[in-house]
Every structure is written in structure tokens, then in C-alpha cells.
Amino acid sequence: MRIKSIQIVHPENKIDNLTLFKDTIPDIDKFCTTTGIRYRYEAPENHTIEDYFVQGIKALNVEISSIDVLITVTQTPTKLIPSLSNYLNQQLRFSEDILTYDLTSGCSGYTEALVLANQLFQSTSAERIVVCNGDFSNHIIDKKNTTVKPLFSDVAAVTLLERSENLFFSNQKSYADGYSAISSQDGKMTLNGLDVFQFSTLYVAKSIQELVAKNNVEPEIIAFYFFHQANQIINQTIAKQLKISTEKVPQSITGYGNSSSASIPLTLALHASQLKKNQKILLSGFGVGFKICNVVTDLCPFDANITVFEDKSI
Amino acid sequence: MNTYKDFVILMSDELGIDVSEIEAHSAFRELRNWSSLNALLLVSKIHEQTEILLSPAQLASVTTVEELYKLLK
């Protein structure tokens with residue numbers, strides 16, 4: 001399985017945390033410097049993650065009828081019945097033979113979807129699988145919650161995967177004690193930064209070391225480590241634990257904040273031009289659950305575009 | 001970070017306040033500039049310097065600066 005194309009769709013509305021919170025968060029300068037989160041994108045209330053996925057799939061530039069499997073991953077679908085993939089089908093008219101899955105997952109959702117896609121390439125005759133990732137987190141955050149409000153972007157990522165003989169191995173962890181670290185109550189998200197730091201620091205580096213050791217990969221041959229983008233403090237801590245230089249850890253957090261399950265494909269898209277054929281990369285999604293899912297794969301050149309959502313309702 | 005004095009200097013750096021504002025019996029959550037961000041940065045710095053990772057439950061179990069320091073001993 002290889003990544004053929006990544007299409008990112010984000011709202012037009014770019015927010016500078018320094019400006020937005022200058023009167024409401026006393027240490028906003030320090031917040032931006034230490035967490036790395038400066039700019040973010042917030043989708044207007046009348047936008048939906050579904051329509052961003054539609055734009056992203058159209059941008060893949062493939063015959064819609066040639067898509068064999070569709071996997072969507074979001075925690076913020078506009079409605080539950082019928083599930084999100086059916087809306088995409090209504091809008092895009094896939095082949096009637098398409099196999100669809102709708103997963104509910106956040107920070108670890110990209111790598112979890114890749115693991116599922118890899119299994120499906122092995123167990124079915126699928127040639128093309130499309131994975132849609134992303135949340136409109138700002139739609140479920142209380143505007144007065146200054147702990148959570150500066151963190152998230154509303155971003156959709158659409159990845160086209162094609163059958164290919166590539167390196168692919170993965171592992172995953174699930175920690176019941178992290179159940180409340182990131183949660184939603186009465187439809188609004190709550191997040192305990194200390195809990196998230198604790199779980200990430202305790203388990204992420206260890207799980208990555210376990211994966212590479214089990215598959216006899218020397219950590220040095222991994223060219224880049226694409227981590228979920230929650231917080232620069234966490235990613236710097238994990239990099240130190242793995243004894244890797246921060247140059248090997250590309251980021252998207254300064255320009256986009258935490259974009260939930262779109263964070264890894266977004267960071268891949270932003271750095272696509274720096275990646276070379278056959279380089280080995282590690283992808284690590286970790287967070288809400290508390291869950292971790294790591295993937296090691298090798299690269300072929302892929303298309304990547306980052307576009308603003310075109311609001312046709314205006 | 002070997003001594004209580006080192007710990008107080010670390011706290012004053014992270015909170016951006018003078019060492020004289022931090023006393024052993026001070027409730028650390030009442031210190032000027034204490035915030036969820038600074039709590040995270042302090043826990044991160046302690047972890048970096050001592051490899052001790054304070055859990056949220058441990059933090060919640062103590063009140064004063066001295067009690068917080070004793071968690072590291």
C-alpha cells in the first residue's frame with residue numbers, strides 16, 4: 001500500500017491566537033511560544049466536515065467509480081443516520097460496489113485508518129482506498145473555555161491509497177485510565193492538558209521503541225517522525241525520549257494548531273517536497289481514548305495540495 | 001535540581017515571579033501566574049531535569065510548595 005495523494009481542505013478564516021486572546025489570556029505570548037500553537041483555522045457554523053471531505057475527494061483527481069473502499073474518520077459528523085460515508089456517496093456517486101466504513105476516532109484516527117486500509121488491501125481485491133480524516137473541533141468547544149479554545153483547527157484531510165508492495169508495520173495501545181483526559185460533556189469538549197502530557201510522556205516513545213525493535217528496524221534509518229500535533233512541549237519530550245533531533249520531527253502546529261485526525265496527513269502534505277522515494281517514515285497518532293497507533297512505512301512520491309474550502313452557499 | 005532552593009528557582013523561572021514570592025508554606029496554586037499552562041511547563045521541566053513524571057493525581061494530592069517538592073524526593 002502506498003500514499004498516492006493527500007488533499008487538505010481548510011476554512012478561509014485564519015486566526016492569530018496572539019491577537020484573538022490578547023485581552024483574555026494573560027500569558028498568551030508564552031502559550032504560543034511553548035505550545036507552538038500560533039495560527040489556527042475555524043470553520044463557520046454553517047460549514048460541515050462532510051462538505052470539506054467532498055471537496056477533498058474531488059481534488060484527488062481520480063475516477064470516482066474507481067474507488068473501491070471509503071473510510072471516514074471523524075468525531076464531529078453533522079448527523080449520525082445515515083452515517084457520513086452515505087452523504088459522500090449521495091454527493092459524489094461512487095460505484096455501487098464500494099465498501100464503506102465510518103470510524104469515530106480523533107488523534108490516533110489517521111494511523112488507525114491506515115492499518116485498516118492495509119488489512120483491506122490484503123483481504124480484498126481493492127486497488128484504491130480513500131481515507132477521510134478530520135474534525136470540526138471548534139464547533140464543539142465552548143467559546144468561553146480559554147483552556148481549550150486556543151488549541152484546535154478545523155481541517156479535513158483526504159488520502160488516496162493504492163495497492164503496492166511497500167513496507168508497512170504497525171502497533172497500537174489503548175489505556176483505560178486515560179478515558180477522561182479528553183472528553184465531551186453536554187456536547188462540549190473538555191481537555192486536561194496535564195493528563196494528556198502524562199499519558200503521552202509515559203507511553204508514546206515506549207510504544208515506538210517497541211514497534212521498531214520488534215520489526216528489527218534501526219531507529220536511525222527512519223528519516224522522519226510524523227507525530228500527532230497536539231502540543232510542541234509533548235512532541236519535544238517524545239523526541240528527547242527517542243533521542244532524535246527535532247529536525248526529524250516535522251510540524252504543522254504553528255500554522256494550524258491541533259487538527260485532530262487530520263494532523264498527520266496535514267504535516268505530510270506540508271513537507272511533501274522534502275520527502276524522497278524509499279525513505280522510511282514513522283507516523284504516530286496519539287490522544288483521545290487514550291490511544292496510540294504507530295505505523296512505519298516507506299515512501300513513494302505523492303501529490304499534495306492544501307486548499308481553502310470553496311463555499312458554494314454564498 | 002538537587003535542593004529545595006533549586007526547586008524554588010525553577011518555579012520562579014517557570015512562573016516568571018520573584019523567588020521571594022515563593023515560600024515553603026505557600027499554596028502553589030495561589031502563586032501569582034499559576035495557570036494550567038505553567039503547571040504543564042513546570043511538570044515538563046521537572047521531568048526533563050529529574051526524569052520524575054508527576055501525575056495529575058500526585059499534583060492534586062498536595063497543597064504547599066514544600067509538599068510539592070517532597071514528591072520529588
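A few comments on the model shown:
- Matching residues in region B:1-13 - criterion: being of a type in the set (S, T, N, Q) and surrounded by 14 or more Cβ atoms within 10 Å (Cβ to Cβ): B:Ser12
- Selection count, region A:7-49, where residues are surrounded by 21 or more Cβ atoms within 10 Å (Cβ to Cβ), of a type outside the set (A, V, I, L, M), out of contact with any Leu (no Cβ under 6 Å at 6 or more places or on another chain) and part of a helix (DSSP H, G or I): 2
- Condition check for A:Gly106: within 14 Å of chain B (Cβ to nearest Cβ) and among the small types (Gly, Ala, Ser): no
- Residues in region B:14-58 that are within 10 Å of the chain's Cα centre (by Cα) and surrounded by fewer than 16 Cβ atoms within 10 Å (Cβ to Cβ): B:Arg29 only.
- Within this structure, A:Asp186 passes the test of being more than 14 Å from chain B (Cβ to nearest Cβ) and either surrounded by fewer than 16 Cβ atoms within 10 Å (Cβ to Cβ) or under 17 Å from B:Asn38 (Cα atoms) (or both).
- Residue pairs whose Cβ atoms lie under 6 Å apart, separated by 6 or more positions or on different chains, with the first residue in region B:35-60 and within 8 Å of chain A (Cβ to nearest Cβ) and the second assigned to a loop (DSSP other than H, G, I, E, B) and surrounded by 15 or more Cβ atoms within 10 Å (Cβ to Cβ), are B:Ser36/A:Thr147; B:Val43/B:Leu54; B:His47/B:Leu53.
- Being of a type in the set (Gly, Ala, Ser) and either free of Cβ contacts under 8 Å to residues at least 60 places away in the same chain or within 14 Å of chain B (Cβ to nearest Cβ) (or both) holds for only one residue in A:Ser95, A:Ser5, and it is A:Ser95.
- The residue that is nearest to the other protein chains (Cβ to nearest Cβ), among those in region B:61-73 that are closer than 21 Å to A:Asn192 by Cα and polar (S, T, N, Q), is B:Ser61.
This table checks each residue for (1) farther than 25 Å from A:Ala205 by Cα; (2) aromatic (Phe, Trp, Tyr); (3) crowded, with 24+ Cβ neighbours inside 10 Å; (4) at pLDDT 95 or above.
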position	(1), (2), (3), (4)
A:Tyr101	yes, yes, no, yes
A:Thr111	no, no, yes, yes
A:Gln122	yes, no, no, yes
A:Val130	yes, no, yes, yes
A:Ser137	yes, no, yes, yes
A:Thr147	yes, no, no, no
A:Arg163	yes, no, no, yes
A:Phe169	no, yes, no, yes
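- Looking across region A:216-236 at every residue that is within 14 Å of chain B (Cβ to nearest Cβ) and farther than 24 Å from A:Val115 by Cβ, the one that is surrounded by the most Cβ atoms within 10 Å (Cβ to Cβ) is identified as A:Asn231.
- Boolean, A:Gln279 is closer than 23 Å to A:Ala157 by Cβ and either crowded, with 18+ Cβ neighbours inside 10 Å or not polar (S, T, N, Q) (or both): no
- The strands (runs of 3 or more DSSP E) located wholly in region A:242-314 include none with 2 or more residues which are acidic (Asp, Glu).
- Cβ-Cβ distances below 6 Å connect the following pairs, each with a first residue in region B:11-31 that is farther than 15 Å from B:Leu68 by Cα and more than 14 Å from every other protein chain (Cβ to nearest Cβ), a second residue that is among the aliphatic types (A, V, I, L, M) and surrounded by 13 or more Cβ atoms within 10 Å (Cβ to Cβ), and a separation of six or more residues or different chains: B:Val19/B:Val8.
- Consider region B:59-70 and keep the residues that are modelled with pLDDT of 90 or more and more than 10 Å from the chain's Cα centre (by Cα). The one that is surrounded by the most Cβ atoms within 10 Å (Cβ to Cβ) is B:Val62.
- When we screen A:Ala239, A:Ala213, A:Ala181 for residues that are aliphatic (A, V, I, L, M), farther than 22 Å from A:Ile71 by Cβ, within 14 Å of chain B (Cβ to nearest Cβ) and surrounded by fewer than 22 Cβ atoms within 10 Å (Cβ to Cβ), the only hit is A:Ala239.
- Flag if A:Ser66 is surrounded by 16 or more Cβ atoms within 10 Å (Cβ to Cβ) and within 30 Å of A:Lys276 (Cα to Cα): no
- Tally, over region A:196-206, of residues that are at the interface with chain B (Cβ under 7 Å from one of its Cβ atoms) and touching a residue at least 24 places away in the same chain (Cβ under 8 Å): 2
- Tally of residues being assigned to a helix (DSSP H, G or I) and more than 16 Å from A:Gln75 (Cβ to Cβ) across region A:188-203: 10
- Residue count for region A:3-31, restricted to those that are over 30 Å from B:Leu42 (Cβ atoms) and either over 20 Å from the mean Cα position of the chain (by Cα) or not β-branched (Val, Ile, Thr) (or both): 8
The values are calculated or read from the model by the stated rules, or taken from the named source; none is laboratory data. Bear in mind the structure is a predicted one, so any value in this text is a computation, not a measurement. Note: ideal-geometry Cβ built from the backbone for every residue, glycine included; neighbour counts use all protein chains shown.
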